[in-house]
1. Could you state the per residue volume, in Å³, of the convex hull enclosing the Cα atoms of chain A?
2. Rg (Å, one decimal) plus Dmax (Å, integer) for the alpha carbons of the protein assembly as shown?
3. Apply the Karplus parameterisation 6.51 cos²θ - 1.76 cosθ + 1.60, with θ equal to phi minus 60°, to every residue of region B:14-31 and state each ³J(HN,Hα) to the nearest whole Hz, in sequence, with x for glycine and proline.
4. Give me the distance in nm between label points sitting 7 Å out from Cα along the Cα-to-Cβ direction at B:Thr8 and B:Thr98, one decimal.
5. Taking 1 over the mean of 1/r across every pair of different Cα atoms in region A:49-115, what Kirkwood radius in Å do you get?
6. So, in nm, how far is label A:Lys13 from label B:Asn19 when the simple model puts each one 7 Å beyond its Cα toward the Cβ?
7. Which order results if B:Tyr32, A:Tyr49 are arranged by neighbouring Cβ count within 10 Å, fewest first?
8. Can you put B:Thr98, A:Thr14 in order of Cβ neighbours within 10 angstrom, beginning with the fewest?
Amino acid sequence: DAGVTQSPTHLIKTRGQQVTLRCSPKSGHDTVSWYQQALGQGPQFIFQYYEEEERQRGNFPDRFSGHQFPNYSSELNVNALLLGDSALYLCASFPSTGLMGNTIYFGEGSWLTVV
Amino acid sequence: DAKTTQPTSMDCAEGRAANLPCNHSTISGNEYVYWYRQIHSQGPQYIIHGLKNNETNEMASLIITEDRKSSTLILPHATLRDTAVYYCIVRVEVGGNTPLVFGKGTRLSVIA
């Protein structure tokens, strides 16, 4: 049973560029969330996708956007990158029905460095 | 903001039990207590969760006080691989899609 998988694991971008991060949820999970974790801090909620729509959003600017595909996989896009966007980006998933419980499972993350 | 308070750091000798406390005095009746840990540079790992009864699994035990205002995560025989940041989080489970709100957690160092 594959867990949450993310790609790429590491990447370096230049200020002003755009980046796309990808996530495949754990088998049987249809809801995907994204978190940002700056160095030395706990993860911060960015947004959550269910049925291909953004359902909840944390306190992040519109430069952060996402998408969910019919197979439940998801992408996180960040435009006009700033140095402060350098962080570990975590994808998490859980099933919406509650039949498997609503425990949230995380991927290993994508390390983004903006230079 | 996180609804939990945890000590910033703790040490534990290898082979001994590690007891990590958490205060959640404003917890609501339908909120569960979740514990995650994060080993350096990895994604958070689910450990255990509970509502009001004590819980045990292959990784740890969770002791929740009767008034539910605090809890303790117990790693019965800590090993060096248990060195990590441990996060205590309260969240609605069944029927809820609320995100996890992380605090700063407790940095546990297991010492040989």
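1. Per-residue hull volume (Cα only) is 95 Å³.
2. Values for the protein assembly as shown (Cα only, Rg and Dmax): 17.6, 53 Å.
3. 4, x, 8, 6, 9, 10, 10, x, 8, 9, 9, 5, 9, 4, 8, x, 9, 9
4. Result for the modelled spin labels: 2.8 nm.
5. By the Kirkwood definition, the hydrodynamic radius is 13.6 Å.
6. 4.7
7. B:Tyr32, A:Tyr49
8. Fewest-to-most Cβ neighbours within 10 Å comes out as A:Thr14, B:Thr98.
Read the figures in this text as sums done on the coordinates, not as results from a lab. Only a predicted model underlies this, so the values are computations on that prediction, with no experimental measurement involved. Note that we place each Cβ from the backbone using ideal geometry, even for glycine, and neighbour counts take in every protein chain shown.
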